[in-house]
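Peer 1: Here it is, the structure in full.
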Amino acid sequence: MIIGCKTTLLPFDEKWAELVRKWVNQPDVRRGTGSEGPVSDIEHRIWYEDLMADRAQRVFVVGEGQGEHARPVGLVGLKHIQPRSRSAEYWIYVGEQESRRNGLAEDATRLILDFGFNTLNLHIIYLSVMRTNVAAMTLYRKLAFVEEGIARARAFAEGRFVDLVNFSMNEEEFRND
């Protein structure tokens, strides 16, 4: 477990799988992640098993509060971890609506960045976000991610194509923030 000011990153154990499926099946979470339609219990089980077997990913449950009794509110992770280039792609979502917009995503992001740069020894962490997700882009700019560019009409969401905005942070930028 990794403890921050407002959140704790908890191991993504099987006991959290059904709660995570509930979050993923919420339309607003699907919009933010780009996921399609409702996820069945079988699809979710296969996803979880594949995730646990994938050594190029690290996923944590975001717990609101500190320590082992923190209340699960979302997921955060690093995927496409490349040891040679020391890079990974960051992602996050807060599944509990009442836990959004109160600094939990910021705290969890700081924790996963610290884990990525200091524990995994990454050189760069990158992400893509839909241009329509203004709250997320505001967070990434606040945390000193650097905007790298736009992937035009790269995602399809809510019946239309939307741009993806690419951000990254390297280890020097992380240590200077």
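Peer 1: Hey, can you grab everything whose amide H is under 5 Å from the amide H of Gly95? Only 5+ residues off in sequence or another chain; H modelled, so Pro and N-termini drop out.
Peer 2: Gly74, Leu75
Peer 1: Take the alpha-carbon positions of the stretch 2-125, form their convex hull, and give its projected area averaged over all directions (one quarter of the hull surface) in nm².
Peer 2: Spelled out: convex hull of the Cα atoms, projected over all directions, averaged, 7.4 nm².
Peer 1: To the nearest 20 debye, what is the magnitude of the charge dipole of the stretch 2-125 about its Cα centre, counting +1 on the Cβ of each Lys and Arg and -1 on the Cβ of each Asp and Glu?
Peer 2: Approximately 360 debye in magnitude.
Peer 1: May I ask for the longest run of the chain untouched by GluC sites (Glu not before Pro) that are loop-located per DSSP and have at most 13 neighbouring C-beta atoms (other than their own) within 10 Å?
Peer 2: Answer from the scan: 69-157.
Peer 1: Still on this model: Check which residues have an amide H placed less than 5 Å from Phe12's amide H, if you skip close sequence neighbours.
Peer 2: Val61
Peer 1: Let me ask something else about it. Once the piece of chain linking Lys15 and Arg131 is laid out straight, how much longer is it, given 0.36 nm per residue of separation minus the C-alpha distance between them?
Peer 2: My answer for the length gained is 38.4 nm.
Peer 1: Would you mind ranking Asp114, Asp50, Asp163 by Cβ crowding within 10 Å, fewest neighbours first?
Peer 2: By the 10 Å Cβ count, ascending: Asp50, Asp114, Asp163.
Peer 1: Ordered by residue, what ³J(HN,Hα) values in Hz, to whole numbers, does the stretch 162-168 give under the Karplus form 6.51 cos²θ - 1.76 cosθ + 1.60, where θ = phi - 60° and Gly and Pro are x?
Peer 2: 3J(HN,Hα) across the stretch 162-168, in whole Hz: 10, 6, 9, 9, 9, 10, 8.
Peer 1: Calculated from DSSP H runs of 4 or more alone, at -39500 (n - 2.57) each and per residue, what is the 222 nm mean residue ellipticity of the chain, nearest 500?
Peer 2: That calculation yields -8500 deg cm²/dmol at 222 nm.
Peer 1: Neighbour counts of other C-beta atoms within 10 Å: give me Thr138, Thr109 arranged from fewest to most.
Peer 2: Thr138, Thr109
Peer 1: Run through the stretch 125-177 and list the trypsin sites (Lys or Arg not before Pro) located in a DSSP loop whose Cβ has at most 10 other Cβ atoms within 10 Å.
Peer 2: none
Rule-based calculations on the coordinates, nothing more; no lab input. Values in this document were obtained by computation on a predicted structure and should not be read as measured data. Please note: Cβ atoms are built from the backbone with ideal geometry, for glycine as well, and neighbour counts cover all protein chains shown.
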